[in-house]
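Structure first, then comments.
We did not get these values from a lab; they are worked out from the coordinates using the rules stated. Just so you know, these numbers come straight off a predicted model, no measurement behind them. All Cβ positions, glycine included, derive from the backbone under ideal geometry; neighbour counts span all protein chains shown.
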Amino acid sequence: MAPVQKVTGFYRCKDERVLFIFFNVYNVVDCQTFLDKLKQLGCIGCCRNSRSELVKVASQSTAFELEKELGYFATVVRTPEEWGAICPSQPPFHLSALVGGSDVRVPLPTIMGSGALPLAGIKVLDFSNVVAAPYAARVLAEMGANVLNVRDPKGVRAPIVDLYATIGKLSVLADLTDPAERARVDALLEQADVVITNFPSIEQADKLGIGPYTRLANRRPFIHFNVTAYPNDSEWKHRKGYAPMASAACGMFTTACSPEVLEQAITSKAGTIWPNDAYPEDYFGGMLGTVGILAALRRRAKEGGSYLVETSLAGACMYAMGFRREAAMPSSCADFESLARTFSVGVPSPFKSCLCCRTSSMSLIREPIVYNEWSTLLLAATKFGGDEDKLVGTGWAKAAE
């Protein structure tokens, strides 16, 4: 995917608007689609010249034309006002009751003793990978919840993805297409208080058998949290996207930096304004999702029933920008990177070097680490079944054989 990596960044187009190109290299299928689109535009004749070729194409096309032509990989850098015309003001999260399930009230955990954590005993089943949804699950784990991350053994197994997805959690590998492992996942779903996903649409989660409407009538009251790139009640609903794309679309780039910084990003071929491991919109979305989950758990205790909590990266950005304060704009990309690192919550870069990683084809092992005042984070992954099943004693009953 080297040609794709060479074209990420900002481009000035014929209409003087700025186009932002971004991608996830681990999404191989979509990256190949993007490469095919670039080839159609004549931009991938030589890996060394792919960026200069796209610069030429951008100078001959409007930003909105390329946004339409290249799909979700290309985003016009908009102002908040322009985004408001696409997507009206949003609440920080949406919380709705799931009709058709059990309406039993489930009390909140009883806090026993001064050292007890508020979510002790709450079971969270996390099917997400990067970054906002796993961060929500991580915060719940820090509050005492027993979080189990379910990974696809055929999915991405990259260190940075593993870090984001598994920190603070137990992890298991499960192939949802395998009947035996599917049955074990079903057994875990029946125990879960909270289920976390990050699909472009809830329908995709239900299609995989892990969505909020999957066997709703047969499950104990639960909370399902899903985070998307863009709000589900906007014309961009179901559009894929990653954190910097949301910033470009909703106006956070134009709000958080000066035109000079943006121009510098274009001329310096910067991949993004944010540092690569400090996208704040991911943490905005994850934290707002956590608040929504807590609100839903409280409502489940008072009124009974199951609930769906939804938020989006772009919606979280808009909510966060409502709290901005006047400050001196960074005068360079370097200053902006420092600001973004300070602004982001829970960025993993300070303790990446502390991780001891031993990865095999079927399991992940992480040594316990301590990060500032955070409690010890146990990161371990096993495969379902047999002697490798280490769920006993973790708060999760062993899945049915």
Starting from the 7 Å offset along Cα-to-Cβ, what nm value, one decimal, do you get for the label separation of R215 and I111? 3.5
Quick one: length gained pulling S258 to F323 fully straight, 0.36 nm per residue minus the C-alpha distance? 21.6 nm
List the residues, sorted by chain then number, that are 5 or more residues from T228 or on another chain and whose placed amide H is less than 5 Å from its amide H. T311, S312, L313
Most exposed first, judged by fewest Cβ atoms within 10 angstrom, L313, L66 run L66, L313
Return C317, C43 ranked ascending by Cβ neighbour count within 10 Å, so the fewest neighbours appear first. C43, C317
Given 0.36 nm per residue, what is the gain on full extension from A295 to E235 after removing their alpha carbon distance, in nm? 18.9 nm
Pairs of lysines 8 or more apart, or on different chains, with alpha carbons under 28 Å: count those in the stretch 1-134, would you? 14
Read phi for every residue in the stretch 203-210 and hand back ³J(HN,Hα) as whole Hz from Karplus 6.51 cos²θ - 1.76 cosθ + 1.60, θ = phi - 60°, with x for Gly and Pro. 4, 5, 5, 5, 5, 7, x, 10
Could you state, as a whole-number percent, how many of the C-alpha pairs of the stretch 174-265 are farther apart than 23 Å? 43
